[in-house]
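Quick notes on the structure that follows.
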Amino acid sequence: MKHSKVRRQIAWEAARLIREQPEMRHSDARREAVERLYPQGIRQVDIPSDAEVGQQMRTLARADQPTDWDRRFQLYAELLHPLVDVKQNPCSHPEGDALYHSLQVFLLVREEIPYDEELLTAALLHDVGKAIDRKQPQAATLKALLGIVTERTLWFLENLAAGSSHLNASLGIRARKRLETSEDFDELLCLAKCDLAGRQIGIVVPEVEEALEMLRELAVSHDDLSDSE
């Protein structure tokens, strides 16, 4: 397991402990999380920071704000369906409308990393802003998805353009180094590659509801896994 994944798992458990015991300090929560998950011990580099624990606490806090979060799949559908009317530049997008492209990207990422719900969510929703504001689609995407996707999914969406620039070697040195230090760098490059590859004519893709059901099944399986730990 990558160190970054270990850190995230410990941060999640520490956040859950603090949620159950609000008076618990971050340091105590991290220590107890390590004892529960890795009784054999871990290296210092695998211990998450306060900021990482805080990020997981904010994710858990969505359970206290169920209105939009519980309706997120319905909201995803409402954002996706208008993309069928977004016709793209045939030179860069010979496949046609933005919905067909988005579903292709979703399937390609699913072939590579089928277990990562947050990455798959980013793949499916990365272009929803094109149906909202054609001049500033990325900003529109981020605004529309705020509160109904995780911070990690938002990070993928914020950095997708940089990931594409990294692939074609047009990203500046400082930006490239900063991107490469991210724990999700490999996943971001996967998304960027699939975004470029998902522009084929005649590819069979699922309906929006079918793709969302795949995501919903992942969400349920992740919830079941958390409950069993």
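Multiplying the residue separation of L37 and L167 by 0.36 nm and removing their Cα-Cα distance gives an extension gain of 43.2 nm.
Would you mind classifying the range 1-130 by shape? Square roots of the alpha carbon gyration tensor eigenvalues, ordered a ≥ b ≥ c; an a/c under 1.5 is rounded, otherwise it is prolate if a/b is larger than b/c and oblate if not. Note, shape of the range 1-130 comes out prolate. Extension gain for the segment E20 to E180, taken as residue separation times 0.36 nm less the Cα-Cα distance, is 54.1 nm to one decimal.
Under 26 Å of direct C-alpha separation, and excluding same-chain neighbours fewer than eight residues apart, K5 reaches these lysines: K177, K193.
Sorting 144-153, 103-112, 173-182 by their mean Cβ neighbour count within 10 Å, with the most densely packed peptide first, gives 103-112, 144-153, 173-182. Is it possible to state the helix-based mean residue ellipticity at 222 nm for the chain, with each DSSP H run of 4+ residues giving -39500 (n - 2.57), the sum divided by total residues, to the nearest 500 deg cm²/dmol? What is it? Counting only the DSSP helices, I get -20000 deg cm²/dmol. Heavy atoms of the protein only, probe of 1.4 Å, neighbouring chains included. What is the accessible area of M57 in Å², nearest 10? M57 exposes around 60 Å² with every protein chain in place.
For the range 115-229, with all protein chains present and a 1.4 Å probe, just round the carbon and sulfur fraction of the accessible area to a whole percent.
Numbers: 3230 of 6130 Å².
That share works out to 53 percent.
Only lysines eight or more places from K87 in sequence, or on another chain, were considered; those with a Cα closer than 19 Å are K130, K135.
Residue separation times 0.36 nm, minus the C-alpha to C-alpha distance between L196 and R58: what's the value?
On the way: separation 138, 0.36 × 138 = 49.68 nm, distance 3.23 nm.
Result for the pair: 46.4 nm of gain on full extension.
A 1.4 Å probe run over the protein chains yields, for the range 1-118, 56 Å² of accessible area per residue, whole-number rounding. Here the label points at D97 and L189, each 7 Å from Cα along the C-beta direction, are separated by 3.5 nm in the simple model.
How big is the Rg/Rh ratio for the range 125-176, C-alpha atoms only, Rh by Kirkwood, two decimals? Could you put the intermediate results ahead of the total?
On the way: Rg = 12.1 Å, Rh = 11.7 Å.
Over the Cα atoms of the range 125-176, Rg/Rh equals 1.03.
Rounded, prolate or oblate: which fits the range 74-154 when a ≥ b ≥ c are the square roots of the eigenvalues of the alpha-carbon gyration tensor, with rounded for a/c under 1.5 and prolate only if a/b beats b/c? Oblate, since a/c reaches 1.5 and b/c is not below a/b. Averaged over its residues, the range 143-212 has an accessible area of 53 Å² per residue, based on protein heavy atoms and a 1.4 Å probe. Taking only the Cα atoms of the chain, the radius of gyration and Dmax are 18.8, 58 Å. Remark on the range 146-229: hydrodynamic radius 15.2 angstrom, per the Kirkwood mean of 1/r across alpha carbon pairs.
The values are calculated or read from the model by the stated rules, or taken from the named source; none is laboratory data. As the structure is a prediction and not an experimental result, all values here were calculated from the model. FYI the Cβ positions are ideal-geometry reconstructions off the backbone, even for glycines, and counts take in every protein chain you see. Heads up: the accessible areas ignore ligands, DNA and RNA and are worked out on the full protein's heavy atoms, side chains in. Shrake-Rupley method; radii C 1.70, N 1.55, O 1.52, S 1.80 Å.
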